[in-house]
């Protein structure tokens with residue numbers, strides 16, 4: 001990994017993302033999230049609160065429609 005790539009990686013993190021078109025509102029992802037970063041109600045679309053997501057990826061496996069994936073997002077540090 002070169003120096004430029006290391007800088008890019010430090011400014012990004014992995015977070016869960018839900019493809020809302022495929023979400024059936026089963027709540028399985030919500031139940032396994034250790035930081036309650038997924039919001040929604042039964043039989044309704046769910047979404048991830050990006051600032052709360054730690055990137056643990058525990059929500060991926062229980063999803064019956066495979067609509068949860070990990071995505072890289074840019075980290076903005078405000079001082």
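Each reported figure results from applying straightforward, stated rules to the coordinates on display, with no laboratory input. Model, not experiment: these values are computed from the prediction. Counting neighbours? That spans all protein chains shown, and the Cβs are built from the backbone with ideal geometry, glycine included.
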Which value, in Å³ per residue, describes the convex hull spanned by the Cα atoms of the range 3-74? 82 Å³
Provide the gained length on full extension for the span residue 49 to residue 32, in nm with one decimal, where the gain is 0.36 nm per separating residue minus the Cα-Cα distance. 4.7 nm
Treat each spin label as a single point 7 Å out from the Cα along the C-beta direction, and report the residue 75 to residue 13 distance in nm. 0.6 nm
Estimated inter-spin distance, residue 65 and residue 20, nm [label 7 Å along Cα→Cβ]: 1.2 nm
